[in-house]
Amino acid sequence: MRVAMAQISSTDDPNANLATLRNATEDAASRGAELVVFPEATMCRFGVPLKPVAEDLDGRWARGVSDVAASAGVTVVAGMFTPSGDGRVRNTVLVAQPDGTRVGYHKIHLFDAFGFTESTTVAPGDDPLTFRVGEVTVGVATCYDIRFPGLFTNLARRGAEVIVVPTSWGSGPGKLRQWEVLASARALDSTTFVVAVGQAVPPDEEVAASPAPTGIGHSQITDPFGTLVAAYPDSIRIDVHDLDLALVEKARGQLAVLANERHLPVGGAVDTDLTTADARLRESDDRGRKP
């Protein structure tokens, strides 16, 4: 499977960002990509009001991405914002297939950390998502989701061999190292390829200095054994990479963490603190777990 990572730097103009997406997708498709992965917040960068730019999946921006996917003959994954119905928005990953199909994953785990409260303006999603590219099942996670291994093992049990993680990572002491470790750890947890695509460092120094998570670059692909397939620097880059999916079956035979995992009981106080999303993931894991 040939995958493209499009490490771009979004602006606050959805139209300009759609044009960037179109150019990057056409470039990746010309080099044989079947799947092109863009970062979280491709539609519009963080650090500006998101409600005015949010659109449904049948809105103009998402339709534009679908047109690009159909014209290029590839599947496009890109972060956008959709209305939530409660005055906030949802942090949504759009999956646009070349046949015109569009689906969205609403980010489950919100970034209420390091002094940033995403939940103030963003409503959480509830449901994991997988989709198909040819014969390959692909799972979706977004940015802060990468700190929650249960989502990745859940996606693996749903058949995912590849998990894409569109991201707009926040800068700060130790954050790059955390990103690199987490992306590799989630590949090992789920014995999948993890394609973690971040926003590049913004070329505008004022935007880069914003307290909002506007990106640090360093997109990477990790294979099911934890080996780096590709790792980018912090600047804008679009490139294509071949994934040897036979490694997934090999890893699940030799490094059988999914088959060997035992679901231990959790103490009452902690158990009652589980969010609805976490509880659903736990139930789904239990249903999908092999005896």
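The values are calculated or read from the model by the stated rules, or taken from the named source; none is laboratory data. These numbers come from a predicted model, not from an experiment. Note that each Cβ is placed from the backbone with ideal geometry, even for glycine, and that neighbours are counted across all protein chains shown. Surface areas here come from the heavy atoms of the whole protein model, side chains and all, with no ligands, DNA or RNA. Shrake-Rupley method; radii C 1.70, N 1.55, O 1.52, S 1.80 Å.
Please pick out the residue among Asp273, Asp285 that is at pLDDT below 95 and surrounded by 12 or more Cβ atoms within 10 Å (Cβ to Cβ).
Working: Asp273 fails: surrounded by 12 or more Cβ atoms within 10 Å (Cβ to Cβ).
Unique residue meeting the criteria: Asp285.
For the range 63-90, how many residues meet the condition of being under 20 Å from Ala4 (Cβ atoms), of a type in the set (Ser, Thr, Tyr) and either assigned to a strand (DSSP E or B) or open to solvent by 10 Å² or more (accessible area, probe 1.4 Å) (or both)?
Initial filter on the range 63-90 (under 20 Å from Ala4 (Cβ atoms)): 64-80.
Subsequent filtering for residues that are of a type in the set (Ser, Thr, Tyr) retains 66, 71, 75.
Next cut, either assigned to a strand (DSSP E or B) or open to solvent by 10 Å² or more (accessible area, probe 1.4 Å) (or both) only: 71, 75.
Within the range 63-90, residues that are under 20 Å from Ala4 (Cβ atoms), of a type in the set (Ser, Thr, Tyr) and either assigned to a strand (DSSP E or B) or open to solvent by 10 Å² or more (accessible area, probe 1.4 Å) (or both) number 2.
Can you pull out every residue in the range 1-11 that is surrounded by fewer than 21 Cβ atoms within 10 Å (Cβ to Cβ) and either at pLDDT below 95 or not charged (D, E, K, R) (or both)?
Within the range 1-11, the first condition is being surrounded by fewer than 21 Cβ atoms within 10 Å (Cβ to Cβ), and the residues that meet it are 1-2, 11.
Within the range 1-11, Met1, Thr11 meet the criteria.
So which helices (runs of 4 or more DSSP H) stay within the range 91-210 end to end and still have 2 or more residues that are at pLDDT 95 or above?
On the way: elements: 149-157, 175-190, 205-208.
Hits in the range 91-210: 149-157, 175-190.
Go over the candidates Leu110, Leu94 one by one and state the one that is under 15 Å from the mean Cα position of the chain (by Cα) and open to solvent by 10 Å² or more (accessible area, probe 1.4 Å).
One residue alone meets the criteria, Leu110.
Give the range 227-244 a look and list any residue that's assigned to a loop (DSSP other than H, G, I, E, B) and crowded, with 16+ Cβ neighbours inside 10 Å, or say none. Don't jump to the end; show me each part of the working.
Quick first cut of the range 227-244, residues assigned to a loop (DSSP other than H, G, I, E, B) only: 227, 232-236, 243-244.
Tyr232, Asp234, Ile236, Leu243, listed by residue number.
Among (1) assigned to a strand (DSSP E or B); (2) out of contact with any Cys (no Cβ under 9 Å at 6 or more places or on another chain); (3) under 29 Å from Pro233 (Cα atoms), there is one condition Ala19 misses while meeting the rest; what is its number?
(1)
Residues are listed down the side, and each one gets a yes or a no for (1) free of Cβ contacts under 8 Å to residues at least 40 places away in the same chain; (2) open to solvent by less than 10 Å² (accessible area, probe 1.4 Å); (3) within 13 Å of Gly79 (Cα to Cα); (4) in contact with a Gly (Cβ under 7 Å, 6 or more places away or on another chain):
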{"position": "Asp13", "(1), (2), (3), (4)": "yes, no, no, no"}
{"position": "Thr20", "(1), (2), (3), (4)": "yes, no, no, no"}
{"position": "Asp27", "(1), (2), (3), (4)": "no, no, no, no"}
{"position": "Arg31", "(1), (2), (3), (4)": "no, no, no, no"}
{"position": "Ala54", "(1), (2), (3), (4)": "yes, no, yes, no"}
{"position": "Trp61", "(1), (2), (3), (4)": "no, yes, yes, no"}
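Quick one: Val164 ticks every box in (1) closer than 17 Å to Leu110 by Cβ; (2) open to solvent by less than 10 Å² (accessible area, probe 1.4 Å); (3) of a type outside the set (D, E, K, R) except a single one, so which number is it?
If we test Val164 against (1) closer than 17 Å to Leu110 by Cβ; (2) open to solvent by less than 10 Å² (accessible area, probe 1.4 Å); (3) of a type outside the set (D, E, K, R), just (1) comes out false.
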